[in-house]
């Protein structure tokens, strides 16, 4: 019976193991400055194996770098010991919903989600803090004074001598933002499916750096688009040339897998009204398109004479050809798909039927008439919460619906993640679109419990933190959507399971022998390795993460037994005797998990393995 680790893995260890598996002859050991033996990779051996040039030192190369980038890489890979604790009283439909709302620093939350949701998220949308030059709430231990920054940035040496003639006055301005974003994007990429896609809202301030950052994390070959969203309805009165747009940078996990999954957009009402039926075609309204083409790559089969419905003979216009071979053209005529005009003698055009339209291709200019604007977004929040300007610069629901329509499918139970959730527009849009098309999309919202300024409208309205605003919006938006949809949305999931980031449920018992030798305390603390204030449900959710079980899984309780997805996992964190162990084994769970100190007596401990080997030998048994 193995013991669960109850902490996230070290990605650096995993990467080392992968490299060691590929090139075992490159693995070696060295002595560090303290005389300890540590693992290492022999660069010379690795260079020979991959048979390519290795760039090192000051050798010139193309790269995107900034101060402390190395630390941010280490931060992305470092393990953490933390837990997500359920909060039933703030949830909606806790036992049945498949949506999640998680409070906590998103870097730590992403690390906790990584193993369970690896390659499971179809779409990520984030609206990270725009770089205004103010301090970020997401510090990540990169704080320092200006002098330390200048030395590390290579502008002054240790003796205070200036190293470059021109001071990079905005270096730190960009550095802080990049250090905040990089580790989060690194982990976010792991969560996406191979056909997954990320949309990131940004303004002019960091758009260029975000593109470079994403090209490094996702690969330049996986760039999809840089969308311009017209966020305003009038120019900025402060400037003669006022900004009217934001960007939405789009990258795929794997572009070759995304091409077949991006959807066409439904025709707008104005576009649909352009379809007419002047010839009373039984297939319904249609629009026509030109059937001539450029001659650059034309074949001889595209130069021919046609006869119109009225008998007029016609060749392609000068410098043009027909866009199809003569045989194809004749087949379209026979099928009534060629229009020669009311007179029957006009240049032919191809009929495209509304009933056969799969929609239109999206492009990268999104107007505010199509997807909303800032004022509309603010009004949405105000109307829902019944207050003033509760949230600054939220995104409109129509904008998020457009993104969801592009990247997700109503027939699939796609997971949508937003780890800068803010006012929870993404959750609102998911519920709204599910109500409209019967989809089964699920959302995961993550938001730092940032305290509202005491002078803000939010604080005056009684909201202490940003998550309180987001959760209340989801509650009210969900109920409003369900009420308006009526009977068609009775099965709509408008709930969400609230989880809050906290320290590990386990006591600090994971010490090295050297550390233990230096500590003076009673060993009584080891009789139970779980913190006193933690509940059985707290422990269950940490176990679910450890075993890769989605946090939205159905949970039922049978006495002291916690059952996840029926009997896939059965956990018991109370005292267990042989009779209870036998009862659990007869249910044949895939996983059975107990506390290390759960066994009522020595007899229960001795009989444990024998009971399971008798009734359910395939069950994986674990203790915490």
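Quick notes
- Residue ranges of helices (runs of 4 or more DSSP H) in the stretch 440-548 with at least 3 members under 25 Å from residue 389 (Cα atoms) and modelled with pLDDT of 95 or more: 466-485
- Filtered residues of the stretch 190-208 (kept if over 18 Å from residue 262 (Cβ atoms) and either in contact with a strand residue (DSSP E or B) (Cβ under 6 Å, 6 or more places away or on another chain) or in contact (Cβ under 8 Å) with a residue 60 or more places away in the chain (or both)): 190, 191, 201, 202, 203, 205, 206, 207
- Residue in the stretch 582-603 that is part of a helix (DSSP H, G or I) and buried (at least 20 other Cβ atoms within 10 Å of the Cβ) present: yes
- Residue match in the stretch 435-452 (condition: in contact with a strand residue (DSSP E or B) (Cβ under 9 Å, 6 or more places away or on another chain), free of Cβ contacts under 8 Å to residues at least 60 places away in the same chain and either buried (at least 22 other Cβ atoms within 10 Å of the Cβ) or under 23 Å from residue 258 (Cβ atoms) (or both)): yes
- Selection from the stretch 266-292 of residues that are in contact with a helix residue (DSSP H, G or I) (Cβ under 7 Å, 6 or more places away or on another chain) and surrounded by 15 or more Cβ atoms within 10 Å (Cβ to Cβ): 275, 285, 286
- Residue match in the stretch 556-576 (condition: touching a residue at least 24 places away in the same chain (Cβ under 8 Å), over 33 Å from the mean Cα position of the chain (by Cα), part of a helix (DSSP H, G or I) and surrounded by fewer than 18 Cβ atoms within 10 Å (Cβ to Cβ)): no
- Of the residues making up the stretch 605-618, those that are surrounded by fewer than 19 Cβ atoms within 10 Å (Cβ to Cβ), under 30 Å from residue 504 (Cα atoms) and in contact (Cβ under 8 Å) with a residue 24 or more places away in the chain are 609, 618.
- Some residue of the stretch 228-236 being at pLDDT below 95, assigned to a helix (DSSP H, G or I) and farther than 29 Å from residue 79 by Cβ: no
The values are calculated or read from the model by the stated rules, or taken from the named source; none is laboratory data. The model shown is predicted, which means the values in this text are computed figures rather than measured ones. Every residue, glycine among them, receives a Cβ derived from its backbone with ideal geometry; neighbour counts consider all protein chains shown.
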